[in-house]
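Contents: one structure, followed by commentary.
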């Protein structure tokens with residue numbers, strides 16, 4: 001076996017910088033996905049048919065097409081259609097954020113529907129406006145139930161972030177590919193990148209478990 005991990009030692013700092021680069025766009029993506037996901041979830045449970053149809057169509061499109069296709073369409077179509085040279089960073093945020101919103105909306109919708117119907121009826125009987133009822137009564141209870149699913153979506157997004165390497169974004173995966181092209185060995189830097197991803201996911205999993213324990217203790 002022709003393996004020499006000593007070759008990647010000088011490039012370790014370069015690859016480790018990809019952690020911050022990756023987490024930065026993942027954070028913004030999940031923020032976009034979470035905010036938009038709440039809006040889409042509310043549209044799905046509304047009695048306005050057009051909004052419900054629009055939300056269902058959005059979810060169907062983004063869940064029914066590959067994420068890498070959505071990313072490349074945004075990265076290559078925006079300059080062609082709008083004459084705007086969009087950056088790889090912004091393309092990644094838009095693609096991952098819009099895609100995540102489709103999944104987050106389903107998670108939040110399920111969480112809202114899982115809240116006891118009596119809570120809604122009690123709020124309506126007291127004359128609480130719908131926006132306040134959702135913001136202060138329904139959503140807080142729903143989030144307690146869906147936190148594990150939301151954390152899983154965040155972890156999945158972190159792993160899938162490697163896809164952005166196809167548009168040249170200098171994340172962990174792209175940096176591993178660059179190192180591989182410089183030392184003419186790809187297995188070592190890719191394996192090191194895999195270890196980085198595993199550590200990141202492991203830490204996120206532990207954070208998620210800690211938050212779940214805190215929520216259970218607060219009940």
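Quick notes on this structure:
- Filtered residues of the range 83-92 (kept if surrounded by fewer than 23 Cβ atoms within 10 Å (Cβ to Cβ), touching a residue at least 12 places away in the same chain (Cβ under 8 Å) and within 13 Å of residue 27 (Cα to Cα)): 89
- Among the residues listed as 11, 76, the single one being in contact (Cβ under 8 Å) with a residue 60 or more places away in the chain and closer than 26 Å to residue 165 by Cα: 11
- Every residue from the range 107-119 that is farther than 14 Å from residue 46 by Cα and surrounded by 13 or more Cβ atoms within 10 Å (Cβ to Cβ): 107, 111, 115, 119
- Counting only helices (runs of 4 or more DSSP H) that sit wholly inside the range 125-219, those with at least 3 residues that are closer than 22 Å to residue 30 by Cα and either free of Cβ contacts under 8 Å to residues at least 40 places away in the same chain or in contact with a helix residue (DSSP H, G or I) (Cβ under 6 Å, 6 or more places away or on another chain) (or both) are 139-160, 172-183, 187-218.
Just so you know, all these numbers are worked out from the coordinates, no wet-lab data involved. Since the structure is predicted, the reported quantities are computational estimates derived from the model, not experimental observations. FYI the Cβ positions are ideal-geometry reconstructions off the backbone, even for glycines, and counts take in every protein chain you see.
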